[in-house]
């Protein structure tokens with residue numbers, strides 16, 4: 001089966017990751033154990049995850065003109081992602097400040113930088129969306145740009161998958177153009193009835209796997225493999241990228257594959273650095289762990 005062509009429209013950041021025994025309470029100072037700079041951003045993470053999982057991926061996004069920019073471009077190309085649609089905007093690239101505790105849980109602050117300059121799509125961007133089998137979006141770039149891409153995708157029979165994170169209000173019209181919404185528990189609760197028009201809703205459940213609501217309204221659950229968690233950063237993005245790669249094979253197979261990928265992403269520190277390749281995903285599925 002030919003690998004799907006996936007256009008990912010979204011953010012790319014440099015993640016500044018600090019590890020500590022526990023995350024500080026408001027006004028408290030705690031000692032950190034380590035620090036690392038790891039390329040991330042929900043868009044880039046999902047693009048890398050889709051590529052490593054076996055998809056053909058083009059990334060549509062923006063980097064700045066700072067010292068982080070060459071590293072951000074390199075992590076995409078090094079993972080086989082087509083960066084023809086990666087534009088450069090004068091100023092800083094996006095960054096995320098992340099604190100990870102010994103339990104693998106994290107707290108994140110994102111500063112958009114060049115991502116906020118994604119205020120429109122050019123002819124080449126629209127052509128990439130039209131040519132793709134799947135358009136995959138998140139909400140770390142301006143929403144009007146996402147709305148434009150989603151409508152163009154629908155006009156050209158491109159399947160639309162949206163991960164509405166960080167949660168914000170989207171128009172009812174946009175939701176009517178979405179084929180698949182991927183949310184976590186908190187996002188599902190916050191969005192509530194807004195997801196009603198979406199035919200397929202996938203809710204990630206952390207260590208409990210994921211569940212899917214189809215057009216008939218029925219829910220089905222898929223368990224994830226058991227792993228030793230080191231850092232949950234990027235696990236949801238890994239799940240979403242992998243889901244896009246297998247979506248054409250049906251929700252059940254796509255969720256099983258995505259749960260395995262997401263679980264593996266929690267076994268190493270950082271976002272893009274922890275994203276597994278297809279061989280590792282296939283291996284843990286074959287092992288049945």
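The values are calculated or read from the model by the stated rules, or taken from the named source; none is laboratory data. Just so we're clear, the structure is a prediction, and the values are computed from it rather than from any experiment. In this analysis, Cβ positions are derived from the backbone assuming ideal geometry, glycine residues included, and neighbour counts consider all displayed protein chains.
Of note:
- Region 117-165: number of residues that are surrounded by fewer than 18 Cβ atoms within 10 Å (Cβ to Cβ), under 21 Å from residue 249 (Cα atoms) and touching a helix residue (DSSP H, G or I) at 6+ places or on another chain (Cβ under 6 Å): 1
- Matching residues, region 239-254, being out of contact with any strand residue (DSSP E or B) (no Cβ under 6 Å at 6 or more places or on another chain) and in a helix (DSSP H, G or I): 241, 242, 243, 245, 246, 247, 248, 249, 252, 253, 254
- Annotation note: Cβ proximity below 7 Å between a residue of region 125-148 that is at positive phi and in contact (Cβ under 8 Å) with a residue 24 or more places away in the chain and a residue that is surrounded by 22 or more Cβ atoms within 10 Å (Cβ to Cβ) and not in a helix (DSSP H, G or I) (sequence gap 6+ or interchain) occurs for no pair.
- Residue 41, sole failed condition from (1) at positive phi; (2) surrounded by fewer than 24 Cβ atoms within 10 Å (Cβ to Cβ): (2)
- Residue match in region 255-271 (condition: surrounded by 19 or more Cβ atoms within 10 Å (Cβ to Cβ), part of a strand (DSSP E or B) and in contact with a helix residue (DSSP H, G or I) (Cβ under 7 Å, 6 or more places away or on another chain)): no
- In region 3-28, residue surrounded by the fewest Cβ atoms within 10 Å (Cβ to Cβ) [restricted to those that are modelled with pLDDT of 95 or more and part of a loop (DSSP other than H, G, I, E, B)]: 4
- For region 272-289, a residue qualifies if it is part of a helix (DSSP H, G or I) and either modelled with pLDDT under 90 or surrounded by fewer than 24 Cβ atoms within 10 Å (Cβ to Cβ) (or both), and the qualifying residues are 272, 273, 274, 278, 279, 280, 282, 283, 284, 285, 286, 287.
- Residue within region 179-200 that is closer than 25 Å to residue 99 by Cβ, out of contact with any helix residue (DSSP H, G or I) (no Cβ under 7 Å at 6 or more places or on another chain) and touching a residue at least 40 places away in the same chain (Cβ under 8 Å) present: no
- Failed item, numbered, when residue 92 is tested on (1) surrounded by fewer than 22 Cβ atoms within 10 Å (Cβ to Cβ); (2) part of a strand (DSSP E or B); (3) in contact with a helix residue (DSSP H, G or I) (Cβ under 8 Å, 6 or more places away or on another chain): (2)
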